[in-house]
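The values are calculated or read from the model by the stated rules, or taken from the named source; none is laboratory data. Model, not experiment: these values are computed from the prediction. Positions of Cβ are backbone-derived with ideal geometry, glycine not excepted, and every protein chain shown enters the neighbour counts.
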Amino acid sequence: MIIETNRVLIRKVTHNDLEALYTICGDPRLMRFVGDGKPLSMKQTQKWIDVTINNYASKGFGMYGVVDRETGAFIGYCGLVFSADVKDNELIYALVPAYWGKGLATEIARHLVDFGFSSLNLEHIYASIDPENKASERILLKVGFNRVFRKNDEFGLETVYYLKKRPR
């Protein structure tokens with residue numbers, strides 16, 4: 001286990017998570033504000049798991065699965081991953097719609113940022129969102145991120161970038 005909160009477990013993903021992760025990554029509603037906005041295929045999801053497992057070995061961290069403590073259901077993903085746009089680590093998260101609006105994404109983001117600063121000794125963490133993703137903007141502001149710039153991302157899509165620096 002990487003992180004345990006009152007409501008979720010955040011753990012490394014394995015090849016056994018392919019079906020559960022594909023349920024999320026293959027859903028157009030969930031992927032609307034992720035990457036190029038298109039759902040991933042099963043093959044792309046498998047590749048992401050492969051890259052993630054390699055990141056655990058080479059960097060010690062990456063993307064993680066989010067599990068509901070009460071039910072044991074795989075309900076999302078989150079993590080700290082390398083972003084080509086900022087050439088640094090970026091916070092990511094996505095939850096299935098049944099868990100939206102319950103403060104879970106904020107809880108997850110807060111714990112991941114703390115993990116990044118305290119366990120990984122990161123100096124700063126970026127986050128990027130589609131300007132229309134007001135829910136994620138509220139989450140980032142609650143967790144203490146500051147808006148730093150706006151530009152087109154690697155897919156040519158308008159993106160707002162946020163930054164949180166390690167507390168001194």
Open item on the list: Condition first: of a type outside the set (S, T, N, Q), over 14 Å from the mean Cα position of the chain (by Cα) and closer than 28 Å to GLY156 by Cβ. Now tell me which residues in segment 49-87 satisfy that.
Closed with: ASP50, VAL51, LYS59, ALA84, ASP85, VAL86, LYS87
- [ ] Can you work out which of the residues in segment 35-58 that are among the small types (Gly, Ala, Ser) and either in contact (Cβ under 8 Å) with a residue 60 or more places away in the chain or assigned to a loop (DSSP other than H, G, I, E, B) (or both) is surrounded by the most Cβ atoms within 10 Å (Cβ to Cβ)?
- [x] GLY35
Open item on the list: Among the residues in segment 129-144, are any touching a residue at least 12 places away in the same chain (Cβ under 8 Å), under 15 Å from LYS164 (Cβ atoms), in a strand (DSSP E or B) and not basic (Lys, Arg)?
Closed with: yes
Open item on the list: Go through (1) buried (at least 18 other Cβ atoms within 10 Å of the Cβ); (2) assigned to a strand (DSSP E or B) for PHE61 and report which single condition fails.
Closed with: (2)
Task: Condition met for PRO167 (under 22 Å from MET31 (Cβ atoms), more than 15 Å from the chain's Cα centre (by Cα) and part of a loop (DSSP other than H, G, I, E, B)) - done: no
Task: Search result, residues across segment 117-168 that are β-branched (Val, Ile, Thr) and either touching a helix residue (DSSP H, G or I) at 6+ places or on another chain (Cβ under 9 Å) or at pLDDT below 95 (or both) - done: ILE125, ILE129, ILE139, VAL143, THR159, VAL160
Task: Subset tally (residues that are part of a loop (DSSP other than H, G, I, E, B), under 23 Å from ALA127 (Cβ atoms) and modelled with pLDDT of 90 or more) for segment 7-34 - done: 2
Open item on the list: Looking only at segment 64-86, filter to residues that are surrounded by fewer than 17 Cβ atoms within 10 Å (Cβ to Cβ) and of a type in the set (Asp, Glu); which one of those is modelled with the lowest pLDDT?
Closed with: ASP85
Open item on the list: Any residue that is loosely packed, with under 13 Cβ neighbours inside 10 Å, part of a helix (DSSP H, G or I) and among the hydrophobic types (A, V, I, L, M, F, W, C) - is there at least one of those in segment 87-110?
Closed with: yes
